[in-house]
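Structure record follows, encoded as structure tokens.
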Amino acid sequence: MKNNEAGITIGELKKQLSFYDDDDELFMGGLTFYRLKRRGEKVVQLEFNEQIYRNSTGELIIEEFKNE
């Protein structure tokens, strides 16, 4: 990615995943997959049911969305 964010191209991800069976489960460290969403001409965002971001001091914040 060009903007210094951690990322991987779709092609690189497909190559990495090609070594696994289609019915293997992809574990995401306790995060819950929600969807893939296009965020630009060449950017696709992997979204989770949890909000993940860095605050102004660089601390990683994870907030769980709760359905009430």
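Quick note: the coordinates plus some simple rules give every number you see, no bench work behind them. Values in this document were obtained by computation on a predicted structure and should not be read as measured data. Note that we place each Cβ from the backbone using ideal geometry, even for glycine, and neighbour counts take in every protein chain shown.
The table below lists the values:
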quantity	calculated
Lys pairs under 22 Å by Cα in the chain, provided they are eight or more residues apart or on distinct chains	9
Cα-centre dipole for the chain with unit charges at Cβ (Lys and Arg positive, Asp and Glu negative), debye to 20	540 debye
Region 15-68: trypsin sites (Lys or Arg not before Pro) falling in loop per DSSP and having at most 10 other Cβ within 10 Å	Lys42, Lys66
Gain upon complete extension [Arg39, Asn55; 0.36 nm per residue less C-alpha separation]	3.7 nm
Convex hull volume of region 10-64 per residue (C-alpha atoms, cubic angstrom)	124 Å³
Local electrostatic count, Glu50, Cβ distance below 9 Å [Lys/Arg +1, Asp/Glu -1]	-2
